[in-house]
Structures are given as C-alpha cells and as structure tokens.
Amino acid sequence: MVLFPIALMLFALVMERVENRLRKLLEPDPEVQQYLDRATNAEVSDLTKLGLPAAAARPRRARPAAKGLDVAQAS
C-alpha cells in the first residue's frame with residue numbers, strides 16, 4: 001500500500017520529462033515559422049497536399065521580398 005503513492009509520484013515525474021521533450025520537439029523552427037508567414041496560399045496548399053519533403057524539393061518561384069507586407073492583405 002505504501003508503494004502506490006511513491007510509484008504514482010515517480011510516474012508523474014517521468015511523464016513531466018516526456019512532456020517537456022515532446023514540447024521542445026513540436027515547437028516550430030524559426031525558419032519554418034518565417035516560411036509560413038511569407039508563403040502564398042498556393043504554397044501552403046502545396047505543402048499540405050504534398051508534405052514537407054516534396055514541397056521543399058519543388059523549386060520555389062523567385063519573387064521579390066516585400067517588406068511590410070501584411071499576410072491578411074495578401075490573402
């Protein structure tokens with residue numbers, strides 16, 4: 001009976017460590033976040049249809065970088 005609370009505490013500590021590792025893995029890289037902020041609707045559509053490796057392999061159309069472009073206005 002005494003082992004149950006101890007085992008429960010150890011389980012909670014292990015699960016907290018697993019949760020922290022998963023949280024770090026699932027945070028988007030700044031490069032990915034920047035791509036998603038500047039991507040057009042067609043590029044995001046390609047990304048969702050083809051997946052990340054296939055979309056990254058497709059040649060990206062060269063377009064001038066528009067500074068100050070609001071994503072809401074571009075949509």
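Each residue was assigned an accessible area with a 1.4 Å probe, and for Leu50 the value is about 90 Å². Per-residue packing, averaged as other Cβ atoms within 10 Å, sorts the ranges 15-28, 35-48 into the order 35-48, 15-28, beginning with the highest.
The values are calculated or read from the model by the stated rules, or taken from the named source; none is laboratory data. Here the structure is a predicted model, which means the values were calculated and not measured. Cβ atoms come from the backbone with ideal geometry, glycine included; neighbour counts cover every protein chain shown. Calculation scope for accessible area: heavy atoms of the full protein, side chains included, ligands and nucleic acids excluded. Shrake-Rupley method; radii C 1.70, N 1.55, O 1.52, S 1.80 Å.
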